[in-house]
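Undergrad: Got a structure for you, questions after.
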Amino acid sequence: MTAKLIDGRAAAATIRARVADHVAAFQHRVGRAPGLATVLVGEDPASAVYVRSKNRATAEAGMAGFAHNLPDTTSEAELLQIVTQLNADERVDGILVQLPLPGQIDAGRVIETIEPGKDVDGFHPMNAGRLATGLPSLVPCTPYGCLYLLRSELGSLAGLDAIIIGRSNIVGKPMAQLLIGESATVTVAHSKTRDLPDVVRRADIVVAAVGRAEMVRGDWVKPGATVIDVGINRIPTNDGKGRLVGDVAFDEVAQVAAAITPVPGGVGPMTIAMLMRNTLVAAHRRAGLADPEGL
Ligand code: NAP
């Protein structure tokens, strides 16, 4: 392998330690810890694992956690009522409703009901619009984690050619806004993009957020590029347990790229670290304090 491995676990541990320091200072100053409410609807095993990790990280940071586990028969009206209660709860600075939601619930309506100042996922149209217009906002955790890794690896991103594969509201689009904000030259590819390998080959930065196991091959990538793999895909193995792989064919691309994130251990841990960071930031803004430094 020639590429440097970008260690998301180590970067996330650094961020979470900084957050914990700030939490202690906030508690001292404001008289309470920042609070994060998580809402899990139903029994989806992957979602349950994610929410457990988020709740654990909240406790480890010294923040107050408010976990709501609801049955998958929960109606939209019931969920909206809980969100409305959390909006009004002074102890709660951040609200995270784990997606996907069961079919009877319109996720868009739920997201729009979350108070934008508590929207620590950064999915509310108000936060999306503020990010797009360069105003302070709460930024979606996964792309913000990717940006942190890119900045740590490359320093300035100005003038670099970046391709984002995927245009979802939770990863691809906010990633594009963040990279435009860094003065990269940004291309966003999706399922209708023609000659995708050719488009990817031009890029200094590749962010893959597709949800297709090992789609990006070694001969798609420009030698020396920096590759961020957002994908989490479980592929079958002989022992029946399955194995997690990204959207990038790691072994091939690692021969060509200058640096690459592994799956697992790359972007995943950064998402949780940035959720902690966003909750801390939301708490500061709600308390009328300046944003915490160094995050
Ligand atoms: P999504 O909403 O399903 O979006 C996938 C995007 O990929 C869409 O824009 C789609 O294009 C595009 N796409 C699909 N097939 C393609 C193809 N053959 N060529 C080019 N583009 C293609 O997925 P998402 O929520 O953004 O998540 C993407 C991946 O990241 C998933 O594996 C997910 O599990 C993972 N993820 C990881 C984290 C983390 O913490 N590490 C967080 C969030 C997501 P169209 O728009 O044209 O359909």
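The values are calculated or read from the model by the stated rules, or taken from the named source; none is laboratory data. Remember, it's a predicted structure, so these values are computed and weren't measured experimentally. We place every Cβ from the backbone using ideal geometry, glycine too, and count neighbours over all the protein chains shown. Accessible surface is based on the protein model in full, side chains and every heavy atom, while ligands, DNA and RNA are left aside. Shrake-Rupley method; radii C 1.70, N 1.55, O 1.52, S 1.80 Å.
Undergrad: Take the alpha carbon atoms of the range 124-159, find their center, do the same for the range 230-295, and report the distance between the two centers in whole angstrom.
TA: Each part's Cα centre sits 14 Å from the other's.
Undergrad: Treating only the Cα positions of the range 1-149 as identical point scatterers, give the base-10 log of I(q)/I(0) from the Debye formula at each q in 0.20 Å⁻¹.
TA: Taken in order of the listed q values, log10 I(q)/I(0) reads -1.40.
Undergrad: Accessible area per residue of the range 1-154 at 1.4 Å probe, in Å²?
TA: Values: 7320 Å² over 154 residues.
Roughly 48 Å² per residue, with all protein chains present.
Undergrad: What is the sum of charges, Lys and Arg at +1 and Asp and Glu at -1, for the other residues whose Cβ falls under 15 Å from the Cβ of His22?
TA: Values: positive: Arg16, Arg18, Arg29, Arg32, Arg277, Arg285, Arg286; negative: Asp21, Glu60, Asp93, Asp291, Glu293.
Summing Lys and Arg as +1 and Asp and Glu as -1 gives +2.
Undergrad: To continue, here is another question. Express the carbon and sulfur contribution to the solvent-accessible surface of the chain as a percent, rounded to the nearest whole number, probe 1.4 angstrom. Provide the component values of the computation, followed by the final result.
TA: Values: 7010 of 13550 Å².
Percent of accessible area from carbon and sulfur atoms in the chain: 52.
Undergrad: Show that you can apply the helix-only estimate: for the chain, add -39,500 (n - 2.57) for every DSSP H stretch of four or more residues, divide by all residues, and state [θ] at 222 nm to the nearest 500. Spell out each step's value before the answer.
TA: Details: 10 runs with 121 residues, N = 295.
Counting only the DSSP helices, I get -13000 deg cm²/dmol.
Undergrad: If I require 30 Å or longer along the helix axis, counting alpha carbons, and a Kyte-Doolittle average no lower than 0.0, what helices from the chain are left? Use full DSSP H segments. Provide the component values of the computation, followed by the final result.
TA: Numbers: long enough: 8-30 (32 Å, 0.08).
Flagged H segments are 8-30.
Undergrad: Please report Rg (one decimal) and Dmax (integer) in Å for the Cα set of the chain.
TA: For the chain, the Cα radius of gyration and maximum Cα-Cα distance read 19.1, 57 Å.
Undergrad: Enumerate the whole-percent occupancy of each 10 Å bin, from 0 to the last occupied one, for all C-alpha pair distances of the range 149-202.
TA: Going from the shortest bin to the longest, the percentages are 24, 53, 22, 1.
Undergrad: May I pose another question? Run the simple label-point estimate for Asp291 and Ser156 please: 7 Å along Cα→C-beta, distance reported in nm.
TA: The answer from the label model is 2.1 nm.
Undergrad: Among Arg277, Arg91, Arg243, which one moves the most in a GNM of the chain with springs linking Cα atoms closer than 10 Å?
TA: Arg243
Undergrad: Now for a different question. For Pro45, what is the net charge nearby, where nearby means another residue's Cβ is under 11 Å from its Cβ and Lys, Arg count +1, Asp, Glu -1?
TA: Numbers: positive: Arg52, Arg234; negative: Glu43, Asp44.
With Lys, Arg at +1 and Asp, Glu at -1, the neighbours total 0.
Undergrad: Rg and Dmax in Å for the range 150-244, alpha carbons only: what are they?
TA: 14.1, 47
Undergrad: Leu79: net charge of surrounding residues, Cβ under 12 Å, Lys/Arg +1, Asp/Glu -1, itself excluded?
TA: On the way: positive: Arg109; negative: Asp72, Glu76, Glu78, Asp106.
Result for the local shell: -3.
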